[in-house]
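These notes are about the structure you will find just below.
Only the coordinates and a few stated rules stand behind these numbers; no lab work does. Since the structure is predicted, the reported quantities are computational estimates derived from the model, not experimental observations. As a convention, Cβ positions derive from the backbone with ideal geometry for all residues, glycine included, and neighbour counts pool all protein chains shown.
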Amino acid sequence: MSETVDTPTIPVLIVGAGIGGLMLGAVLESANISYHILERAAELRPLGSALALSANILPVFEQLGIYEDLKSVSLPHVSVDIFNTRLDDLGSIGGSFHKIVYVQCMTPNE
Ligand SMILES: Cc1cc2nc3c(=O)[nH]c(=O)nc-3n(C[C@H](O)[C@H](O)[C@H](O)COP(=O)(O)OP(=O)(O)OC[C@H]3O[C@@H](n4cnc5c(N)ncnc54)[C@H](O)[C@@H]3O)c2cc1C
């Protein structure tokens, strides 16, 4: 005998349209679960820096079917340069981090 699971009729309320809230919204969307996202900031503005995504989060982008799109606007992470608070160059960690990428980042304008 098979069991059926009813889709919840109460929408999920997500407070904050940061990367966590938006990712949860995308996951709920793909699961056909209704949701609302509330964000206190009135607009988005460029952060002006790159966002490093490490390997542990990339499977989520693959599951959502947006990994290839993300990769197409990203650059591979090839080294980590380390500076102290006076911006003296302390060295770098080289290597080939194939699954770490940089993407352009937007942040809410509070
Ligand atoms: C300078 C800097 C560089 C970083 N670089 C990286 C990086 O390269 N790679 C990486 O993985 N992580 C990086 N991080 C960490 C990353 O930004 C955070 O881990 C991530 O943004 C957390 O996401 P979040 O959705 O939990 O919270 P947030 O991004 O802080 O989003 C929370 C959202 O909730 C909204 N909010 C808060 N309270 C309310 C409310 N009461 N009602 C409505 N809306 C509300 C806020 O306006 C905001 O938009 C960096 C952080 C900083 C500060």
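Quick test for you: out of V60, V73, pick the one residue that is under 27 Å from V12 (Cβ atoms), more than 11 Å from the ligand (Cβ to nearest atom) and under 14 Å from the mean Cα position of the chain (by Cα).
Exactly one of V60, V73 is under 27 Å from V12 (Cβ atoms), more than 11 Å from the ligand (Cβ to nearest atom) and under 14 Å from the mean Cα position of the chain (by Cα), namely V60.
Given (1) surrounded by 12 or more Cβ atoms within 10 Å (Cβ to Cβ); (2) part of a loop (DSSP other than H, G, I, E, B); (3) free of Cβ contacts under 8 Å to residues at least 12 places away in the same chain, where does A41 come up short, assuming only one miss?
(3) is the only condition that A41 fails.
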